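Below is one structure, written out as structure tokens; comments come after it.
Derivation of every value follows stated rules applied to the coordinates shown; laboratory data play no part. Here the structure is a predicted model, which means the values were calculated and not measured. Here the Cβ is made from the backbone with ideal geometry for all residues, glycine too, and neighbour counts use every protein chain on show.
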Amino acid sequence: MKRYLATLLAVVLALSCFTAFAAEDKPDTWIADRTITIQCYVDDIGYALPNDINSTPVMQKITELTGIKLDLRYTPGDSDATVMAAQLAAGNIPDAIVSYLNNSTRPEFPILLKAAKEGLFADLTDYLPDTQVYCNYLDHDYLPADARDNITFRKDLDGAYIFQLNIAAVDRSTEYVADDAYIGGLYIRSDIAADLGVEPFSLSMEEELYDLAVKIKEGNYTDDNGNPIYPIGPKYWGGSYDSLINVVRSYGFSPFGSEYGLTTDGQIVHEAQTNYVFDKINYTRKLLAEGLMHPEFFTMDTTRCDELCRSKGVGIISDVHNYMEIIYSNEDWIPLGKINDVTGSKDGYTSGKGGYGCWAISADAQNPEEILKFFDFLVTHEGKLLSEYGIEGLSYNLVDGYPVLTEEAMTALNDGNSDWMINEVGAGFGGAGLIFFDYMTTNNDNKVEFGESRVGAGAGATYARSVALAEQNPDKNIVKIPGLDVSAYLSVDELADVKANMDLLNYKEMVVQAIYADSDEQVNAIVESFRAQLKAAGIDRLYDYCEALYAENPETIQLIPVEATVTE
């Protein structure tokens, strides 16, 4: 018995020593030995998932440091918002979710807010002070006002449930930094531009764009296959109403591109109630009727748009930017510049810091604080270096303390070899690789932290043309106009019934329907019907609410007075 007890004691002591040694052997970044399942309602993430994320070098290193493995899920559907609404309504969510969310006016937000109020998400308030990065969200002046007051720390919520991503560490929104500037909008084929004597950034008015489109049509230009082209094509990422702002920018009532604006006599109204709606519709109808705009401008799918642009099937792409491979990898396209906005200006406007995307943790998730700690790890310097740049020696090397991509990684980036970046490394590479990791960033100040504004920008010639175009851009002025869009205030409790009615209306669809109408009489009927629906929805109550708010503090709403004829 004594020998037995002695043996048992020795075993117990050995196990205790082993356990203590194992605990001491874990790094300071260790969180838990578990798999976190995340449902992604972001098609960019869904279409860039690796074959097996946990076998990638990056995720293996993350698991070594934190103990965490990932199970990323994506469900295709009519839209990501529709899929999210259905799954949240069914209570069918795993440990955490990730969604689109530029701001509280996005269509995803009412779905997320409803889920938070119904107890589907975990309240993380008590855990935030113990985080390294997300604790910044508790600082009143850190988050953008919209993210703070309308999303995470709402007065009608009893905790913090929804967290916006891609928040800048420092507000540099009015700084024009060429190696980080997006030059979006209209791009014309370089060969056509040279033939017609068109210089980069040379457009200012719709009339100039119309005249250019006519010249392109009369020039009988063809694509790479010898087929006739349309002068103005759809958005590079797929047909959309959104790119119309680049074609008819000064016909918008708001210089911000909002559906709502402010008249010079202080009246807040919807664009549909002004003369600008007809200016926009009639100009676009003219382009289509004369064969100057692709008939599928609003409807073409992403794949066909990509093929159309790469085969040079249009003279002008209505929306693309300098950080797309089709632009920076060659000199086939040059920017035409912005058409003046309704105020006659080319200024850029910002409300200050912004955000992009969001996440929430399920109320049913075990130990939600561990998931928060993992999300927090991803946005520390160590986490970002791993998730964005990959593994030292494989995809980057440190030079003077900053990461510089290896030759193999630069080649993959230059060639658009996303498979290598996603499966052989498993890093985000600034959105060119595994999108999930790039999407989950926040507290961003890349130039300070990594010596370059985006992955690979400082390591070679990958983005040389992107930066060169940004440096050539003559319109570098950015004006800060604080506040939220008028539509953000539809989420206040006093206007809940108005919002419910307004959610049934779709201004963009109405405009597109009117553009394709058979006659001017039909156009008038469609617009007048929509105006009546706005009135019936209770939109005047939204105006009263916002005008009172604006009178008290103009910085609460992003508005610039514009001359307009308003139809009551």
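Only lysines eight or more places from residue 155 in sequence, or on another chain, were considered; those with a Cα closer than 27 Å are 114, 117, 353, 373, 480, 499.
For the stretch 486-562, the ratio of Cα radius of gyration to the globular rule of thumb 2.2 N^0.38 Å stands at 1.29. How high is the FRET efficiency from residue 199 to residue 225, r the C-beta distance, R0 30 Å, rounded to 0.05? The pair residue 199/residue 225 has a calculated efficiency of 0.60. DSSP beta bridges confined to the chain are antiparallel in about 50 percent of cases.
Sorting 381, 140, 270, 321 by the number of Cβ atoms found within 10 Å of their own Cβ, with the fewest placed first, yields 140, 381, 321, 270.
Taking 7 Å steps out from each Cα toward its Cβ at residue 544 and residue 367 produces label points 5.4 nm apart.
Each 10 Å bin from zero up to the one holding the largest Cα-Cα distance in the stretch 113-253 carries the following percent of pairs: 9, 25, 21, 17, 15, 12, 1.
Using R0 = 51 Å, the C-beta based FRET efficiency linking residue 563 and residue 414 works out to 0.55.
With neighbour counts taken as other beta-carbon atoms within 10 Å, the residues 152, 567 rank, fewest first, as 567, 152. For the stretch 156-170, backbone phi angles converted through the Karplus equation (6.51, -1.76, 1.60; θ = phi - 60°) give residue-by-residue couplings of 8, 10, 9, x, 10, 10, 10, 10, 6, 9, 6, 8, 6, 5, 10 Hz, Gly and Pro being listed as x. Contact order for the chain, expressed relative to its length and based on alpha carbon pairs under 8 Å spaced 6+ residues apart, stands at 21 percent.
For a straight C-alpha distance cut-off of 22 angstrom, the lysines reachable from residue 312 (same-chain residues fewer than eight places away being disregarded) are 215, 217, 235, 338. Listing 268, 316, 478 from fewest to most neighbouring C-beta atoms within 10 Å gives 478, 268, 316.
At full extension, residue 289 and residue 504 could sit 74.4 nm farther apart than now, given 0.36 nm per residue minus the alpha carbon distance. Label-to-label distance for residue 33 and residue 90 is 3.4 nm, based on points extended 7 Å past Cα in the beta-carbon direction.
Note on the chain: Cα Rg divided by 2.2 N^0.38 Å, N the number of residues, gives 1.07. Shown in residue order for the stretch 185-200 are the 3J(HN,Hα) couplings computed by the Karplus curve 6.51 cos²θ - 1.76 cosθ + 1.60 at θ = phi - 60°: x, 6, 10, 10, 4, 4, 5, 5, 4, 5, 5, 9, x, 8, 8, x Hz (x for Gly and Pro). Estimated from the Cβ-Cβ distance and a Förster radius of 56 angstrom, the FRET efficiency linking residue 191 and residue 158 is about 0.35.
Legend: P(r) of the stretch 199-306 from all alpha carbon pair distances, 5 Å bins from 0, whole percents, reading 2, 11, 18, 21, 20, 14, 7, 5, 2, 1, 0. The H on the amide N of residue 396, modeled in the peptide plane, is under 5 Å from the matching H of 391, 406, each at least 5 residues off or on a different chain. Calculated [222 nm] ellipticity per residue, helices only, for the chain: -10000 deg cm²/dmol; basis is -39500 (n - 2.57) per DSSP H run with n ≥ 4, divided by all residues, nearest 500.
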